[in-house]
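Asks: Below you will find the structure I want to go over with you.
No lab work stands behind these numbers, since they all come straight from the coordinates. If you're wondering where the values come from, they're calculated on a predicted model, not measured in any experiment. Here Cβ is always computed from backbone atoms with ideal geometry, including for glycine, and neighbour counts include all displayed protein chains.
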Amino acid sequence: MRPEHWLYTIPLRLRSLLSRRRMDEELDEELRYHVDRKTEEYIAKGMAPPEARRAALLEMGGVEKRKEECRDARRVNWLPDLLQDLRYGLRVLRKSPGFTSVAVLALALGIGFSSIVFSIFYNGILNPFPYRDARRLSVIGVFDTQQNRRFREVYHLNEVAAFRERSRTLDDVVAYAEWNPVYLHQNTSEQLHGCFLTPNAMDFWGVPPVLGRGIVEQDARPGAPPVVVLSYAFWKRAFNGDRIVLGTMLTLNKQPYTIVGVMPRRFLLFGADIYVPIAWDRPEPASYAAALDKNDAMYFFATARLKSHVNRETAAADLQVIAKQLVSLYPREYPDHFKMTARGMNEVIVGDFKQTLTLLIAAVVLLLLISSSNVASLLLTHHTARSREIVLRTALGASRGRLIRQLLVESLLLGLAGCVAGCLLASAGLWALRFVPGVGVPGEADMSLNVPVLFFAIALSLLTTLLFGLSPTLLAVKRDIRSNLQGSGVNVRAGRGGVRVRAGLVIGQAALSMLLLVFAGLMIRSFLALSNFDPGMNTQGLLHAMIHFPTHQYDSIDAKRAFFDQTLPRISSLPGVTGTAVSFWFPLMGGPRSEDVTIPGKPHDKHWTTDLDGVSEDYFSTIGFRLLRGRLLSAADVAGARRVAVVSNKLAQSFFGDDDPLGRQIKFNDFDQMPELPHDAYFEIVGVVSDLKSFNLQEPMLPQAYIPYTFASLQDRSILVRSVTNPLPLVNSLRQVISGVDSNVLLMRPQTLDDLLQRFVYSEPKFRLVSFSVCAGIGLALALIGLFGILSYSVILQTHEIGVRMALGAQPGRIPTLILGKGLLFVGSGIVLGLLVAFLSVRILKSELWGVSTFDPWTLLLAPIAFLCVAFIACYVPARRAMRVDPMVALRCE
C-alpha cells in the first residue's frame, strides 16, 4: 500500500472513531446529494418528480444498504459492534441473576484459590527475599556420604574466612551467628535475640536501612566503639518507631552500644532483634563451653553469593577443595567421607513445605478444572435455553461469526466478573494467611496480591472463559433452524447433544471431586493419627523455660546447685504446682547428643548416636516417665554428681539386646573432646525408663540417656514446672521467685509443651488438613451444583415425555426413580473414575502422611459413601419436581 494512501485512511478512521455522529451526518448529506442529482436527471428526461425519485433510489440500491457499505469501508465498525455486544451481554446477564451469580461464584472460587496458592508459591518459594541477587544466595553445608545425612551447616569463623578468600566461584561469603544478650532498660532486664554479623554483611545483603546506616568495616576494627543496628520490629516495639533513636545508647550485657541504624520491615535475617558486628580475625574461643561463658559465638552460619553463570554443583566442587585443606585444622568437624554442598537459601528455609505446596497446587488445579467445567455446563444450559433466540437471529441474517462473538463476549464478561471476585477473595485469603500456622515460607516474603499475581489471575480468567466457553458457544449456534422454528416449546432433539456434553462434564466434575475427597480424607486421617500419638510424656499442664545466669557468675556447679536448691522448693510451694525439675534442654527437642558411646564388652563398627540430657531427681516424675527396670536418679546422685545414668528402653534394646543393662558401664565419647568436662568418664546404668519421642516424627527415635545435671557446669539451664491447670498464669510468680533468690538471674522464653507441640508438630499438618479440606469441600459443592443443574434441565427437556408416561398410566412414584437413577449413574461413574485416578496417584502423598497408609481402607470407603449421600440430596430435588409435573400441562408443551 502506498504511503500517501495511509495518510488518507488513518485520519479518516480516526475521525470515524472519534466523531461518529458527525461522520454519519456527512454521509447522510452526501447520499442525499447524490439522490437529489439523480432525481433531477430523471425529471429532466420527462419523469414525474415522485417517479424520478423512486428511480433514483432504485439505482442507488437502497440508502441504508449504501450507508452500511460506506461504514464497512472505514473498517472501524468492530468497535461500535463490540460496545453493542457488551451492552447486550450485560443486559442478558442482568436478566439471569441466578445463572450469573452461580457462574461468577464458581469462577471466583477457582480463580481466588488459584491466586492464593500462586501467591504463596511465587512470593514464598520463587521470590521470597528482598536481598540482592537472592537467586544466587546459597547456604554452605557438609554432607556425610557414608551416613547419607547432612553433617553440619555451621562453621568456625576461620573456616568461613577461608571459603571467602580462596574460592574462585563465589562473589562473597557472609557469616552470622546467634547472640542472646541481656537488655537493661528502666530497671528491668530481658534477653534479646541478637545476631553477630561479619562487617561485609550489609553490603552482601544489599538492603539499605530505613534509618541511619548499616554495619561497616570500621565497626569491626580493634578499638572501635560498640555499635548496634535494630530490626524494624524491635524498633517499633521498644522505641515506638521514634526516629530520634539514632545515636542513643542500648545497654547489652551491661555494656553500652550506640544505635546507628534501623533495618526495613522485610529484613528478618535470623529473626533477630539486633545486629552487632564481629571481626573476621577475632580470637576464637577455646571451646563451646568457653564461648557460652563469654557470651560469644563458636559456630557461624555461612551464606555465599555465587558468581553469575556459576551453578551450585560447580561451587560445591570448589568448596570441596578448600574443605579438604581445613580437615587437618578441624579434624572433628568433618566426617571421614564427606562432600560440600551449596543449597539455595530459600530451599534451606522452606524445606519440605515446597512439596506440600506443590501438592496443594495440584489440588487447586483440580479445583480450577471443576469450577471451569461447572461454568461450561452452566453456559451450555444457558445458551441452550436461548436456542430459539439464536435461531431467530440466524434466520434474520445474523452471521455465525457474529453470534459466536456475541456469546463469547458474554463469557468474557462472566470471566472478568469472576476475576474481580476472585481477586477480592485472594486478597482476603492472603490477609488471613498471616494468622494461619504452618505456612512454611520465609518471614521476608511479601504475601500480598502483587502485580505478577494480578496478571496471573487476569490471564487465568480469560483463558478459563475462552477455553470453557467456546464449546458451549459452538454448540449453541449449531442449531437446526427449521426444527427450532417449528417447535413451540423446548425442542428435545436440539438439546440431546448438549445433554451428552453436560453429562460428560458432570461425570468429570464428580471424578475430580472424588479425587480431592480422597486426598482430604487421607490428610484428616493422618492428622487424627498425629493428634493421638503418644510422645512418651504427659504434656498437659507442663511449662518450660530457660534460666539465664549472668556472665562470669554461677560458673561452678556448686553455685548452680545452690541456686536451684533454693529456687525449686519455692516454686513447688506455688498454688497448683505439682512438680518442678531441672534439665539441660527442652523435652521432645532432642537436646545435646553424643555421636558415639563406649560400652565395655560391646564392640561395634558403626557410631552409636545417643541423645543426652542432664536432669534433676524430680525430672522423671515431672515429665511422667514410666520406670521399666531398676531405679531413677536420687537426690544423693544429683547432689554428689555421681556417675550414674538412667537410659531409655530404646537404648537398652539397641545397645544391649537381650542382655540386662543394669549395672553396666557406658561412656559418652563426646565428653572427652570438651576440656571443661572430666575425661574417660564411665557412668553406671541404674535404671531403664520409657522412650521419649522427638518433634521430628519422620526420623527414627534415637536412644536416650539421663545423667545428673550437676555433672557439668554449662552456662544456662532449663526448668520444667507442672501444674494442675494452665501453667502460663504462673509465669509472673516464677519471675518473682527467681528474682527473690537472685535478681540477676532471668527467666527466658517461658512456654507450655502443648504450645511447642502445636508449633513444631501440628502446625504444618493442620495447614495441609485445612487447605486440602477446603479444596475438597468447594470441589464437592461445585460438582453437586453441576449435577443439580443437569438434572433440573433434563426434567425440563423431558417434560413432554413425562406427561406422556403419566397420561398412559405410569405411576407417579416411578418418575422420580428415573431421574434419581440418571443422577446416581452420573455420580457412580464419576466415583469409579475418581477412585481409579486416586489409586494411580495417591502415592505422591506418602511423604505428607503420618501413621496412615496411602491406601487407607477407611478413607477409600467413607469418601465415596459421603459423596453418594450428599449427591442423593442434589438428585432428590429435581426428581421430586418431576413427580409434580401436570400431564395436561406437559402435553401442551409442544
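Asks: Putting +1 on Lys and Arg Cβ atoms and -1 on Asp and Glu Cβ atoms, find which of Gly206, His309, Phe239 reaches farthest to the positive end of the dipole of the stretch 148-334.
Replies: After comparing all options, I get His309.
Asks: Subtracting the Cα-Cα distance from 0.36 nm times the residue separation, let me have the gained length for His185 to Val321 in nm, one decimal.
Replies: 44.1 nm
Asks: Report the charge-dipole magnitude of the stretch 164-268 in Debye, nearest 20, computed about the Cα centre from +1 at each Lys and Arg Cβ and -1 at each Asp and Glu Cβ.
Replies: Details: 11 positive and 9 negative charges, 38 e Å.
Computed about the Cα centre, the dipole is about 180 debye.
Asks: Modelled label-to-label distance, Ala559 and Ile404, 7 Å Cα→beta-carbon offset: nm?
Replies: 8.8 nm
Asks: Would you mind ranking Glu165, Glu40 so that the residue whose beta carbon has the fewest other beta carbons within 10 Å leads the list?
Replies: The order, fewest Cβ neighbours first, is Glu165, Glu40.
Asks: Given Pro331, Leu252, Phe151, which one lies farthest toward the positive end of the charge dipole of the stretch 148-334, if we put +1 on the Cβ of every Lys and Arg and -1 on the Cβ of every Asp and Glu?
Replies: Most positive-ward Cα: Phe151.
Asks: With the Cα gyration tensor of the stretch 223-366 giving a ≥ b ≥ c as the square roots of its eigenvalues, does the rule (a/c under 1.5 for rounded; else a/b larger than b/c for prolate; else oblate) give rounded, prolate or oblate?
Replies: oblate
Asks: With each pseudo-label sitting 7 Å past Cα toward Cβ, what's the Phe855-Gln653 distance in nm, one decimal?
Replies: 2.7 nm
Asks: Quick check: Cα centre of the stretch 169-245 to Cα centre of the stretch 645-688, how many Å?
Replies: If you average the Cα positions of each part, the centres end up 43 Å apart.
Asks: Starting from the Cα of His604, step 7 Å along the direction of its Cβ; do the same at Leu868; then give the gap between the two resulting points in nm.
Replies: 5.3 nm
Asks: Give, in nm to one decimal, the length gained when the segment between Ile43 and Arg266 is fully stretched (0.36 nm per residue of separation minus the Cα-Cα distance).
Replies: 71.5 nm
Asks: Further question: Return, for the Cα atoms of the stretch 493-614, the radius of gyration and Dmax in Å, separated by a comma.
Replies: Answer for the stretch 493-614, Rg first and Dmax second: 29.5, 96 Å.
Asks: In Å³ and rounded to a whole number, note down the convex hull volume per residue for the Cα atoms of the stretch 139-203.
Replies: Hull volume normalised by residue count: 125 Å³.
Asks: Additional query: Give me the distance between the Cα centres of the stretch 703-776 and the stretch 121-157, rounded to whole Å.
Replies: About 29 Å separates the Cα centre of the stretch 703-776 from the one of the stretch 121-157.
Asks: Return the subset of Lys560/Lys602; Lys354/Lys693; Lys324/Lys354; Lys602/Lys693; Lys693/Lys846; Lys667/Lys846 for which the Cα-Cα distance in this structure is over 28 Å, preserving the input order. Provide the component values of the computation, followed by the final result.
Replies: Details: Lys560/Lys602 36 Å; Lys354/Lys693 25 Å; Lys324/Lys354 33 Å; Lys602/Lys693 25 Å; Lys693/Lys846 21 Å; Lys667/Lys846 39 Å.
From Lys560/Lys602; Lys354/Lys693; Lys324/Lys354; Lys602/Lys693; Lys693/Lys846; Lys667/Lys846, over 28 Å: Lys560/Lys602; Lys324/Lys354; Lys667/Lys846.
Asks: For the stretch 82-108 and the stretch 433-453, what is the centre-to-centre distance using only Cα atoms, to the nearest Å?
Replies: 33 Å
Asks: What would the Debye equation give as log₁₀ I(q)/I(0) for the stretch 148-334 at q = 0.08, 0.15, 0.16, 0.19 Å⁻¹, counting only Cα atoms as equal point scatterers?
Replies: -0.29, -0.94, -1.04, -1.34
Asks: How do Trp431, Trp850 line up, fewest other C-beta atoms within 10 Å first?
Replies: Trp431, Trp850
Asks: Moving to a separate point now. Over the stretch 148-334, what is the mean sequence separation of C-alpha contacts under 8 Å (at least six apart), divided by residue count, expressed as relative contact order in percent?
Replies: Working: 329 pairs, mean separation 59.5, N = 187.
That works out to 32 percent.
Asks: Mind checking the stretch 606-705 for chymotrypsin sites (Phe, Trp or Tyr not before Pro) that DSSP puts in a loop (not H, G, I, E or B) and that have at most 16 other Cβ atoms within 10 Å?
Replies: Those satisfying the criteria are Phe695.
Asks: Counting other C-beta atoms within 10 Å, and keeping those with at most 12, which DSSP coil trypsin sites (Lys or Arg not before Pro) do you find in the stretch 119-170?
Replies: Passing sites in the stretch 119-170 are Arg168.
Asks: Taking neighbour Cβ counts within 10 Å as the exposure measure, how do Thr598, Thr622 sort from fewest upward?
Replies: Thr598, Thr622
Asks: Pulled fully out, how much extra length does the chain show between Glu389 and Asn127, if you take 0.36 nm times their separation in residues and subtract their Cα-Cα distance?
Replies: 89.2 nm
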